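Undergrad: Can you keep this structure in mind? I'll have questions shortly.
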Amino acid sequence: MKKTLIAAFAAAAVSSQTLATTTVIHAGTLLAEPGKPPLREYSVVIEDGTITDVTMGFIDRADAKVIDLRHAFVMPGLMDMHVHLQGELGPKNDSEALRMSKPAMQMRSQQFAMRTLKAGFTTVRDVGNSGEELYALRDAVNKGWVDGPRIIAAGMVGITGGHADISGMSPELMAYHDESNKTVCDGPYDCRRATRHTIKYGADLIKITSTGGVLTDRATGTGQQMEADELREVVLAAQRMGRKVASHAHQEDGIIAALEAGVDSIEHGTYAGPKSHRLFRKTGAYLVPTLLAGDTVVQMAKNTDILTESQKAKAIRVGADMQGNFGKAVEAGVKIAFGTDSGVSRHGENAREAVLMYQAGMDPMSIIQSATVNAADLINMSDSIGTLAVGKQADIIATDGSPLENIEELLDVDFVMKGGKVFANKSDSNMEML
């Protein structure tokens, strides 16, 4: 009798799980494919995390759980192509990092990842962190061990003393860091080795720094730092092993050198001008603007003591110029992929980038495209995410109002689903928020 009851309960549990694998979303307004007009009163059917039907009308299925978004604007999950999940810039960040164990850093990274996911960003490209821990978080999310956005993880390659190298520490600490850092290189063949080393240990793509950076704690400027032959070797080595390359670049000389070397995206691109605009169009590379980082560092420089004097000088100059020059790139027809540099700014506030892009002159539909269709193309995942279509992952978000009419709707996402699992639903008071 006892065995019979156990079997019955097990069967019921299996049956319940089977029923729960099908979900139907009733969408009042559905932007299934950003760039095309939204649809009215549609249903999205999801089975085992995959979209199996997108159909007109509010359908009911006896075997499905219905999520009522009839009064909401429904669209694909957003994507951020430039984040740093392992930290947030602040007065205690550097000292905390020195005192923090690697397991503790992992726990904090997962917290930042969840803030990002609940803000509606179901996929991110992390372009610079401690590789071993970053790859572990990516793999843990992919295996379902922990929750978080889908992570495309970059490995860093940079030159000695450049933006990707350590700064702001005592000579003794920098020397200790140098002993274990195999991804800092000098000369084309050493940079080839560093690229291969980075891929060996798990990088999905390579991040390089063709110019100096604002937050490098040295007065070394923001012009070109990596030489053309070094850039070419990194790109070639990455391409040979099926990896794309993203290049941090501020001044136009470094932007041009990186584009001529064949990189797939330029991060920041602050001083892109007509010559680099032509190269963007010719090569098909994306600009990832990170206006939020520019706005954040300007406020830090003016209102806090977080930055050193060398950082403040660069922050005020570069941050103030970002937005206007981004507007010129949009007018020139440069392809844009959404990116924030979150980690400089606070995680979970990623959608503030969209507001800054709008203020710079980009229309709401193009902004949404940059965070969905374009981002999926940049990471070679257009076949599985970026739009809501049969066969694609059920990465779906919703807002009360239309972001096409008011881009600030993206600042308050009400519903978040990633791979068919709901992580936020403000209309469901019974939902246990993860």
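Undergrad: Take V413 and decide whether it is outside any helix (DSSP H, G or I) and among the β-branched types (V, I, T).
TA: Working: outside any helix (DSSP H, G or I): yes; among the β-branched types (V, I, T): yes.
Judged against the criteria, V413 is a match.
Undergrad: Checking the conditions here, which among T52, T123, T116 is in contact with a His (Cβ under 8 Å, 6 or more places away or on another chain), closer than 28 Å to V24 by Cβ and touching a residue at least 40 places away in the same chain (Cβ under 8 Å)? So that I can check it myself, show each step before the final result.
TA: Details: T52 fails: in contact with a His (Cβ under 8 Å, 6 or more places away or on another chain); T123 fails: in contact with a His (Cβ under 8 Å, 6 or more places away or on another chain).
From the options T52, T123, T116, the qualifying one is T116.
Undergrad: How many residues are touching a residue at least 60 places away in the same chain (Cβ under 8 Å) and crowded, with 22+ Cβ neighbours inside 10 Å if we restrict to the range 357-368?
TA: So the answer is 2.
Undergrad: Which of the residues belonging to the range 385-429 are of a type in the set (D, E), at pLDDT 95 or above and surrounded by fewer than 17 Cβ atoms within 10 Å (Cβ to Cβ)? Break it down into steps so the answer makes sense when it comes.
TA: From the range 385-429, those of a type in the set (D, E) are 395, 400, 405, 408-409, 412, 414, 428; that's our starting set.
After this cut, where a residue has to be at pLDDT 95 or above as well, the list is 395, 400, 405, 408-409, 412, 414.
The answer is D400, E405, E408, D412.
Undergrad: Can you find, within the range 251-291, the residue that is surrounded by the most Cβ atoms within 10 Å (Cβ to Cβ) among those that are modelled with pLDDT of 95 or more and on the phi > 0 side of the Ramachandran plot?
TA: G262
Undergrad: When the range 385-410 is examined, which residues are found to be aliphatic (A, V, I, L, M) and over 19 Å from M81 (Cβ atoms)? Before you say what the answer is, go through the steps one by one.
TA: Initial filter on the range 385-410 (aliphatic (A, V, I, L, M)): 385, 388-390, 394, 396-398, 404, 407, 410.
Residues satisfying the conditions are L388, A389, V390, A394, I396, A398, L404.
Undergrad: At pLDDT 95 or above, in contact with a His (Cβ under 9 Å, 6 or more places away or on another chain) and in the same structural domain as I407 (by TED's automatic domain parsing) - does that describe any residue in the range 30-42? Spell out how you get there, then give the answer.
TA: From the range 30-42, those at pLDDT 95 or above are 30-42; that's our starting set.
With in contact with a His (Cβ under 9 Å, 6 or more places away or on another chain) added as a condition, the list becomes 41-42.
Narrowing the set further to residues that are in the same structural domain as I407 (by TED's automatic domain parsing) leaves 41-42.
Taking every residue of the range 30-42 in turn, at least one turns out to be at pLDDT 95 or above, in contact with a His (Cβ under 9 Å, 6 or more places away or on another chain) and in the same structural domain as I407 (by TED's automatic domain parsing).
Undergrad: To continue, here is another question. Of all residues in the range 118-135 being farther than 14 Å from I206 by Cα and among the charged types (D, E, K, R), which is farthest from the chain's Cα centre (by Cα)? Reasoning before the result, please.
TA: First, the residues of the range 118-135 that are farther than 14 Å from I206 by Cα: 118-124, 132-133.
Then drop every residue that is not among the charged types (D, E, K, R), which leaves 118, 132-133.
On the way: K118: 14, E132: 19, E133: 17 Å.
Among those that are farther than 14 Å from I206 by Cα and among the charged types (D, E, K, R), it is E132.
Undergrad: Okay, moving on. Which residues, counting only those in the range 366-387, are within 12 Å of the chain's Cα centre (by Cα) and hydroxyl-bearing (S, T, Y)?
TA: Of everything in the range 366-387, those that are within 12 Å of the chain's Cα centre (by Cα) and hydroxyl-bearing (S, T, Y) turn out to be S370, T372.
Undergrad: Looking only at the range 326-364, which residues are assigned to a loop (DSSP other than H, G, I, E, B) and of a type in the set (F, W, Y)?
TA: F338
Undergrad: Could I ask something else about it? For the condition assigned to a loop (DSSP other than H, G, I, E, B), farther than 27 Å from V245 by Cα and touching a residue at least 12 places away in the same chain (Cβ under 8 Å), what is the one hit in I316, I306?
TA: On the way: I316 fails: assigned to a loop (DSSP other than H, G, I, E, B).
None of the other options fit; the residue is I306.
Undergrad: Just wondering, is there one or more residues in the range 292-301 that are in a helix (DSSP H, G or I), surrounded by fewer than 19 Cβ atoms within 10 Å (Cβ to Cβ) and either of a type outside the set (V, I, T) or in contact with a Ser or Thr (Cβ under 6 Å, 6 or more places away or on another chain) (or both)?
TA: Checking the range 292-301: at least one residue is in a helix (DSSP H, G or I), surrounded by fewer than 19 Cβ atoms within 10 Å (Cβ to Cβ) and either of a type outside the set (V, I, T) or in contact with a Ser or Thr (Cβ under 6 Å, 6 or more places away or on another chain) (or both).
Undergrad: Provide a single number: the residues in the range 329-344 that are modelled with pLDDT of 95 or more and either of a type outside the set (S, T, Y) or surrounded by fewer than 22 Cβ atoms within 10 Å (Cβ to Cβ) (or both).
TA: Number satisfying all stated conditions: 11.
Undergrad: Mind telling me which of the residues I336, I396 ends up being of a type in the set (A, V, I, L, M, F, W, C) and assigned by TED's automatic domain parsing to the domain that holds D147? First the steps, then the outcome.
TA: Numbers: I396 fails: assigned by TED's automatic domain parsing to the domain that holds D147.
It is I336.
Undergrad: Could you check the range 113-232 for strands (runs of 3 or more DSSP E) lying wholly inside it with 2 or more residues that are modelled with pLDDT under 90 and touching a Cys at 6+ places or on another chain (Cβ under 8 Å)? Let's see the steps before the verdict.
TA: Details: elements: 121-126, 150-159, 205-209.
It comes to 150-159.
The values are calculated or read from the model by the stated rules, or taken from the named source; none is laboratory data. Quick caveat: nothing in here was measured; it's all calculated off a predicted structure. Every residue, glycine among them, receives a Cβ derived from its backbone with ideal geometry; neighbour counts consider all protein chains shown.
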